[in-house]
Every structure is written in C-alpha cells, then in structure tokens.
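A.B. asks: Before we start, here is the structure in question, set down as structure tokens.
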Amino acid sequence: MSIHRKLSMIIMSVIIILPQSSKSAVCPPRDLIIPCKCANYFNLIECTNITSDFDLKKIFINLKNELDKQHARPVYDEFKLVQTQLEHIGSIDDIFSGVSFRRISLSRNNRLKRIEPNAFNSSHNVTTEIMIEDNELLGSNHNDNIGLFDAISRFVALNTLHLTDNGIRFIPKYAFNRSQPALRQLFLTDNRIERIEDYAFIGLNAIELINLDGNHLNKLSLHSLEIKNTTQSLLRIFLRSNKLQTNAFPPGIFSYLRRRIYLNMNINNLSQISQNVFQSFFKRRSILSVSKNPLKCDCDFKWLLDQNIVYNSSNPNGDYLLRDYQCTSDNDNHDRIINGMNLDDFDHCPESPITQTLKQCFSQASDEEQELFCLNRNVNDRHLGHTILVITFFFICFQKLLVFF
C-alpha cells in the first residue's frame, strides 16, 4: 500500500471519529441560567445579583443537564462571580454540580465572608488560575480564613493565584500543605495580613513568586518562609509597604529557605541588616532590595562591606547583593543620607572577631542544623564578650579604688 493511500485512510478515520467525540461546552438557553449570562465567544459564565448559593447551585444543575443533553463537555474557560449579595459559598457541596472552569474569578462581593473547602469540587483538577479580589469581608473571621485557604489548597492544577484586597488577616499554618505542583505565582497583596504562621508555604515546591506587598506584617516566625527545597530556580519574594522592623526576622529564618532568593523589602522600617539574620541569606548569593528604609550606617553595617555584599566605591564593578539602599551616617555628628560606603567610613569602628567567626562558620555549614549551631555559638560568644567587658570594667574600678585608699 502506498504512503499516500495510508495517509488518506488515517485522515478519513479521524474525520469519522471526530463527530462521535464530545463537543465543546456551549451556551444554554438564557432562561435556564438567569441572572447569570453566558458568552460563547469567550467561553464564559458570569453571574451577578445572586442572593444565595442555593440559587447558584440550581443554575449549575440546569446548565449541567443541558450540556448532558447536547453531549457537550462541561468545561468552560472562565467563571465570574461579581457584585453579588452572597455571604457564604458552599453550604451545599460542589456548587458547580459537575461543571468545570479553567479560570475562576470572584470580585467585589462586599458581603462575602466564607468559602467552604468543597465549594468548587468539580474544578479541582481543571482550574489553573484563581482571582479572588476586592471582597472586603472575606477571611476577616479566624475560622473563615482557615476555610478559605483550605478551599484554595485543593486545586491541584493551579498555576496562578490572585488573593488580593480582601479581609485576610493571617496566613494559617500549613495553608499550602497539599500537593500543588504547578503553582508558580502567588499574589497576596493589599490585604490586612499581620502574620504568616509556621510552614504556611511548605508544600509549594515549584513556587517562583510570592507577593505580599501592601499588608500589615510586622513580624515573622522562624518557619514562616520555609519551603521544601526541590528546585534551584530563583524565588522572588516581595514584602514592600509593610511594617517590618529590624527585629521582625528571627535569626535562622533564612536557614530554612535553602534557595536563592530575590527579596524586596522596600518601604519598611529597617534600621539595620543584622548579620545574625542575613548571613545565611547572602551565603546563597541571594539579593536584598531595601529602598526607602531608615537604615543606619553604623558599625553594625560594616560586616556588609567586609564581605563585599554592599557597594564599595573602591570596587565599583562587584556583584553586590544588597541593593537600592540609602543609609544615615552620623560620623561627623550630623546625620547625612548616603548612597555608597567604603571601608574608610568605618575606621572608627572596633574590630570584631566574632563577625569573621560567624562568616567562617556559615561557609562551612552544609544544612540548617549546622547554620543554627553557628548562630547559637555566635550568641554565646557575644554574651561571653559582654560578660568579659563588664568584669574588666569592674576590675579597673576596683583597682582605682585601692589606689585611692
């Protein structure tokens, strides 16, 4: 049999098979889904002015029955729920009743407080993008907040999540603990988030971007940012416009995040870049941006120049990891804002062998336990040094008293 004849037979087989397969989802008669609307061109279902999720459930039952009659696949590109009177979604499991959506958008539902974990069961294996935006009461209650993250964590095909401008006050422990191997981008901007609990992001093995700009964060705990290390790709974390101060980061927090990071903390309240906190961060050649923070260029800043982490005018072409900084120096008893430092600016600072010891210890540490050992030893050394200074001071005073008498 000739090649051309074989190709002709294959093409004819495909033509015969195609009509027997399911058709794409189509719009049903309008009266079946009122007040929702369907747009064939966008493959979209949009619902407004819904007053109860029971009514929404009935609409999707009607839609699913119509699709079954037409032997159409019950999968649409997008579902929009906009400006409804709903306070609760999911009082009945699987609000979609077997219909699935690749993208789900819930916005400007000013009364919405709670989404049940099983509300969108039909879409858990299909939805790749979720946008939950501008729902001012959603997540403001403690249990409702936990339920919201439980619902989101069930979408196993999710690639991008926009959870912005809602009433969320915290990210609960193990919020993203289920397997979501495709989730790359997480936007949690402009909420009211005050804290991130331990292991909140632990299951996000493939995450590339976490954006927490415009929240009320003022402190992180030791395991807040811990993520299982399954990739070496750069992780971008944005914490701009929060309320983070120097003591917001516990020593060791970056030992549990064993990836290279770009961390943007612009527009916060940092006055120092503590070596106890950031030595492990810079060890992985991570990049820190700290524009518009009230940094002090005091002696505690010197370690950054010693290790070529910050721009040094004597070596302008270096690959610097601390970027976009300004700091205030009072060397000449007058505060002045400067954009660049060199080691001459720290001639007045005493030598600190502890600083060098900590760097050497971290360079030899191979895991988080060894890095934490370095930090604990550093704290003990500082306490010992302080104790020796106090004893020396009292010894000198005692000697002077003996001379006087």
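Read-outs throughout are calculated quantities, based only on the coordinates presented, and are distinct from any laboratory measurement. Since the structure is predicted, the reported quantities are computational estimates derived from the model, not experimental observations. Cβ placement follows ideal geometry from the backbone for every residue including glycine, while neighbour counts extend to all protein chains displayed.
A.B. asks: A 21 angstrom limit on the alpha carbon distance is what I want to check against. Which of 58/80; 37/113; 173/292; 57/113; 173/228; 64/113 exceed it?
C.D. replies: Among 58/80; 37/113; 173/292; 57/113; 173/228; 64/113, the Cα-Cα distance tops 21 Å for 37/113; 173/292; 64/113.
A.B. asks: Still on this structure, I have one more. Tell me the net charge near residue 91. Cut-off is 15 Å between Cβ atoms, residue 91 excluded, with +1 for each Lys or Arg and -1 for each Asp or Glu.
C.D. replies: Around residue 91, the surrounding residues sum to -2.
A.B. asks: What does the charge count around residue 131 come to, taking other residues whose C-beta lies under 14 Å from its C-beta (Lys +1, Arg +1, Asp -1, Glu -1)?
C.D. replies: Residues near residue 131 contribute -4 overall.
A.B. asks: Set Lys and Arg Cβ to +1 and Asp and Glu Cβ to -1, take the dipole of the range 169-350 about its Cα centre, and tell me which of 239, 199, 272 lies farthest positive.
C.D. replies: Comparing the listed Cα positions along the dipole, 199 ranks first.
A.B. asks: Let me ask something else about it. Note down the magnitude of the dipole of the range 136-203 about its Cα centre, charges +1 on Lys and Arg C-beta and -1 on Asp and Glu C-beta and zero elsewhere, to the nearest 20 debye.
C.D. replies: Around 240 debye, computed over the range 136-203.
A.B. asks: Going by amide H atoms built from the backbone, whose H comes under 5 Å of the H on residue 327, apart from near neighbours?
C.D. replies: Result for residue 327 returns 338.
A.B. asks: Testing the spin-label approximation: label points 7 Å from Cα along Cα→Cβ at residue 306 and residue 61. State their distance in nm.
C.D. replies: 7.2 nm
A.B. asks: Around residue 200, what is the net charge, scoring Lys/Arg as +1 and Asp/Glu as -1 over all other residues with Cβ under 12 Å from its Cβ?
C.D. replies: Result for the local shell: -1.
A.B. asks: Once the principal axes of the Cα atoms of the range 37-164 are found, what is the range along each, listed largest first in whole angstroms?
C.D. replies: 44, 30, 25
A.B. asks: On to the next question. Cα centroid distance between the range 35-92 and the range 257-326, in Å?
C.D. replies: Each part's Cα centre sits 50 Å from the other's.
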